[in-house]
Amino acid sequence: MPPRKIRNADNMVQLGPPLKWAGGKRWLIPHLQPLWQAMPKATRLVEPFCGGLAVSLGLQPQTAWLNDVNPHLINFYEQLKAGLVLQPEGDSLFLNDRDYYNASRDRFNALIVANNANTPEGARLFYYLNRTGFNGLCRFNQKGLFNVPFGRYATINYPLNMHSHQPLLAPWQYSMGDFEAMTPHITPHDWVYADPPYDVEFVTYSQGGFSWADQVRLAEWLVTLPCPVVASNQATPRIMDLYQGLGFNTQTLLAPRRIACNGDRQPAQEMLAIKT
Ligand SMILES: C[S@@+](CC[C@H](N)C(=O)[O-])C[C@H]1O[C@@H](n2cnc3c(N)ncnc32)[C@H](O)[C@@H]1O
């Protein structure tokens, strides 16, 4: 079955992200759209943390530079851009079956070990594991091997082609690496939307590999960029202080998720920090 297409008020086809990705910001589009539309038409959208592409697919810029530190994610987009066929003729079908899943995960890990995951086969396996594994998680062990267990879904819809996504993704540019490596190529004609892994209060070191020191490094980097910037994050007191202290205008929104707080499930507060 092809992915569902919806049209928004501007008659743009709205496509959902091609992968399941934690922290997707589709719900933020109505808040980002007015900021994006206030920019000149030729503005390039730059996302240092592009993740599942919910924001680029929602705003649909003509030019975009999309970066993420996850090499498999970026390989998947590069391969889609180059015309990836998810189900080549003669290949076995994707199966929602534990043994088939484990064998596919072994094959994907063998590609990683052989330094050969950066290929169409790596992209096809990544897509299959993403749809079939537990909660769409993307997790690696200390040796860098993918270790997400089988997802046990009753049914899975495997869109077998990405014909609707491919024309949208094709004109955009992709890169893999830490956000700071982007510095020399960001221009005054860009608009940066930064959506890092959430700050989790009382955690100093690693939260999805992104520590408090990384949150500080990011905010201090964003303030130096020669273009307008919007950042989102969990509105923890220290994140609000950090961005306000650097001169960003901040606002808070209720996010469509809940956080456990003293056993209660409180609606999470999201921060939007804006530098014009
Ligand atoms: C919250 S997700 C982004 C979600 C995205 N906005 C969406 O709507 O799908 C954060 C992303 O940051 C990436 N990331 C983590 N550390 C990074 C770093 N140092 N530089 C660039 N990307 C990083 C993760 O791989 C993840 O995809």
When (1) on the phi < 0 side of the Ramachandran plot; (2) open to solvent by less than 50 Å² (accessible area, probe 1.4 Å) are applied to Gly144, the one that fails is (1)
Within the range 212-276, considering only strands (runs of 3 or more DSSP E) that don't extend past its boundaries, which have at least 2 residues that are modelled with pLDDT of 95 or more and surrounded by fewer than 20 Cβ atoms within 10 Å (Cβ to Cβ)?
249-261, 264-275
Does the range 28-38 contain at least one residue that is more than 6 Å from the ligand (Cβ to nearest atom), aromatic (Phe, Trp, Tyr), open to solvent by less than 40 Å² (accessible area, probe 1.4 Å) and not in a strand (DSSP E or B)?
yes
Pick from the range 93-133, criterion touching a residue at least 60 places away in the same chain (Cβ under 8 Å) and polar (S, T, N, Q), ranking: surrounded by the fewest Cβ atoms within 10 Å (Cβ to Cβ):
Asn96
Members of the range 47-94 found to be within 13 Å of the ligand (Cβ to nearest atom) and either part of a loop (DSSP other than H, G, I, E, B) or among the aromatic types (Phe, Trp, Tyr) (or both), listed by number:
Pro48, Phe49, Cys50, Gly51, Gly52, Leu53, Trp65, Val69, Asn70, Phe76, Tyr77
Which residues, counting only those in the range 211-228, are within 11 Å of the ligand (Cβ to nearest atom) and not aliphatic (A, V, I, L, M)?
Ser211, Asp214, Gln215, Arg217, Trp221
Residues (within 16 Å of the ligand (Cβ to nearest atom) and either part of a loop (DSSP other than H, G, I, E, B) or more than 19 Å from Ile74 (Cα to Cα) (or both)) located in the range 134-146:
Asn135, Leu137, Cys138, Arg139, Gly144
Residue, least open to solvent (accessible area, probe 1.4 Å), within the range 157-198, restricted to residues that are part of a strand (DSSP E or B) and polar (S, T, N, Q):
Ser175
Can you tell me which residue among Thr224, Thr252 is more than 30 Å from His185 (Cα to Cα) and among the polar types (S, T, N, Q)?
Thr252
Only one of Glu78, Glu89 is of a type outside the set (A, V, I, L, M, F, W, C) and over 30 Å from Pro188 (Cα atoms), namely Glu89
Given the criteria open to solvent by less than 80 Å² (accessible area, probe 1.4 Å) and touching a Cys at 6+ places or on another chain (Cβ under 6 Å), does Leu59 qualify?
no
Testing Thr132 on (1) closer than 23 Å to Met176 by Cα; (2) under 20 Å from the mean Cα position of the chain (by Cα), one condition comes back false. Which one is that?
(1)
Criterion first (exposed (fewer than 15 other Cβ atoms within 10 Å of the Cβ) and either among the aliphatic types (A, V, I, L, M) or without any contact (Cβ under 8 Å) to a residue 24 or more places away in the chain (or both)) does Gly90 satisfy it?
yes
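The values are calculated or read from the model by the stated rules, or taken from the named source; none is laboratory data. Predicted model, so just to flag it, every value in this text is computed and none were measured. Glycine gets a Cβ as well: all are built from the backbone with ideal geometry, and neighbour counts include every protein chain shown. Surface areas here come from the heavy atoms of the whole protein model, side chains and all, with no ligands, DNA or RNA. Shrake-Rupley method; radii C 1.70, N 1.55, O 1.52, S 1.80 Å.
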